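> The structure under discussion is supplied below as structure tokens; questions concerning it will follow.
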Amino acid sequence: MLRSDIEFRGGETTLKHFLIEWLEVYKKGNVAKNTFNIHKRNVENKILPYFKEMKLKHISPIRYQKFINTLEQSGKYSTRTIEIIHSTYVSCVINGC
């Protein structure tokens, strides 16, 4: 698998740009339509509203954990839903880079 151009930009890419690119390059056509839609919904409705235009290099493990804590503390999401949101992020940022 080819590596993303992110490592060559030193993390200057925004999470938004990378997530959208990841959806199109790594997921679209490679996973079931329902799985793709779940990832897309997580990106558009959960992850991006929190991180907005933040650059990847500014998303530390602590900042990411605060995001997860915010989801938990909101009381809007079940543990399983948060796990699915987490798997979307991890699949992209950890495995997609």
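The values are calculated or read from the model by the stated rules, or taken from the named source; none is laboratory data. As the structure is a prediction and not an experimental result, all values here were calculated from the model. In this analysis, Cβ positions are derived from the backbone assuming ideal geometry, glycine residues included, and neighbour counts consider all displayed protein chains.
> As an exercise: evaluate Pro61 against (1) under 15 Å from the mean Cα position of the chain (by Cα); (2) surrounded by 12 or more Cβ atoms within 10 Å (Cβ to Cβ) and give the number of the one condition it does not meet.
Status for Pro61: all satisfied but (2).
> Shifting gears a bit: Note down all Cβ pairs under 7 Å where the first residue falls in the range 49-76 and is under 18 Å from Thr14 (Cα atoms) and without any contact (Cβ under 8 Å) to a residue 40 or more places away in the chain, the second is surrounded by 10 or more Cβ atoms within 10 Å (Cβ to Cβ) and among the hydroxyl-bearing types (Ser, Thr, Tyr), and they're at least six residues apart or on different chains.
From residues that are under 18 Å from Thr14 (Cα atoms) and without any contact (Cβ under 8 Å) to a residue 40 or more places away in the chain, the pairs are Tyr50/Thr70; Glu53/Thr14; Phe67/Tyr50.
> Return the total of residues in the range 17-56 being farther than 16 Å from Ser91 by Cα, touching a Leu at 6+ places or on another chain (Cβ under 8 Å) and of a type in the set (Phe, Trp, Tyr).
So the answer is 1.
> Restricting to the range 11-56, name every residue that is among the basic types (Lys, Arg) and surrounded by 13 or more Cβ atoms within 10 Å (Cβ to Cβ). Reasoning before the result, please.
Residues of the range 11-56 among the basic types (Lys, Arg): 16, 27-28, 33, 40-41, 46, 52, 55.
Answer for the range 11-56, where residues must be among the basic types (Lys, Arg) and surrounded by 13 or more Cβ atoms within 10 Å (Cβ to Cβ): Lys16, Lys27, Lys28, Lys40, Arg41, Lys46, Lys55.
> Out of all the residues in the range 70-81, is one or more at pLDDT below 95 and either touching a strand residue (DSSP E or B) at 6+ places or on another chain (Cβ under 8 Å) or surrounded by 14 or more Cβ atoms within 10 Å (Cβ to Cβ) (or both)?
Within the range 70-81, one or more residues are at pLDDT below 95 and either touching a strand residue (DSSP E or B) at 6+ places or on another chain (Cβ under 8 Å) or surrounded by 14 or more Cβ atoms within 10 Å (Cβ to Cβ) (or both).
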